[in-house]
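Written below as structure tokens is the structure these notes are about.
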Amino acid sequence: MRATDGALATVLELRSSEVDGESLALWIEVTGSSKGAYTYGIYFQAIGDTSTDDWSEERGGLTIVVPADSIAKIRGSVIDVRPDAEQGTMFIENPNRPPRPAGASPAMAGPPVDLSGDVAQRVIQVLEQQINPSIAAHGGRADLVAVEGDTAYLRLSGGCAGCGMAAVTLSQGIEVALCESVPEITRVIDVTDHAAGTNPYYEAAKK
């Protein structure tokens with residue numbers, strides 16, 4: 001983590017208005033993620049609050065601190081100011097991105113996916129008319145989560161969630177039927193969290 005000269009000057013000016021400003025460091029921590037990028041908390045806090053596990057560096061009279069649990073997420077970042085902003089708005093240029101759950105579609109990182117397209121509707125029709133009546137005998141169900149290019153992302157529920165044969169059902173049954181009925185689809189990916197019996201990543205994205 002480093003600060004440009006412009007950002008350094010802006011931060012020092014802001015700190016000068018703080019009580020006991022000389023004892024304050026600029027703390028930068030990752031607070032979460034949004035739309036495939038990290039979100040941050042940037043604030044002044046006492047230099048003395050720094051622990052041995054935190055990263056800190058002094059430059060030009062300013063100490064920058066990154067809490068231990070944010071170090072890897074923010075490594076190599078640059079804090080800068082937007083030259084066109086009236087009051088020098090700060091921003092962080094970070095080469096790191098939040099990890100995506102394995103098998104998850106990039107489209108699932110945002111709002112619920114639009115399934116009104118022709119291909120998606122035909123996939124849903126095959127699921128409802130061919131697949132689900134068959135696997136319903138075992139208490140299972142398959143639902144379309146997203147379509148991206150030639151790939152359909154499905155979520156299995158009921159008896160199929162957590163079932164040791166789910167992968168076989170998907171590859172030898174569901175995928176074959178979908179690819180035959182909807183030629184635009186050549187690959188089917190199961191995004192169900194079988195260990196939990198649900199798909200918490202997708203459900204969280206719908207909130």
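Read the figures in this text as sums done on the coordinates, not as results from a lab. Remember, predicted model here, so these are calculated numbers, not experimental data. Cβ atoms come from the backbone with ideal geometry, glycine included; neighbour counts cover every protein chain shown.
Here are some notes:
- Modelled spin-label separation between T31 and V176, with each label point placed 7 Å from Cα along the Cα-to-Cβ direction: 5.3 nm.
- Of the residues Y38, Y153, the one with the fewest other Cβ atoms within 10 Å heads the list, and the complete ranking is Y38, Y153.
- Loop-located trypsin sites (Lys or Arg not before Pro) in the stretch 1-93 (DSSP state not H, G, I, E or B) with no more than 13 neighbouring Cβ atoms inside 10 Å: K35, R75.
- As a rough footprinting exposure proxy, the listed residues W55, W27 were ranked by other beta carbons within 10 Å of their own, and the order from fewest upward is W55, W27.
- Spin-label model, F44 to A9: label points 7 Å out along the Cα-to-beta-carbon direction sit 1.9 nm apart.
- Anisotropy class of the stretch 2-93 from Cα gyration tensor, a/c 1.5 cut: oblate
- Mean Cβ neighbour count within 10 Å, used as a protection proxy, ranking 17-25, 177-185 highest first: 177-185, 17-25
- Förster-model FRET efficiency, 45 Å R0, V78 and S134, C-beta, rounded to 0.05: 0.25
- For S33, residues with placed amide H under 5 Å, excluding near neighbours: T39
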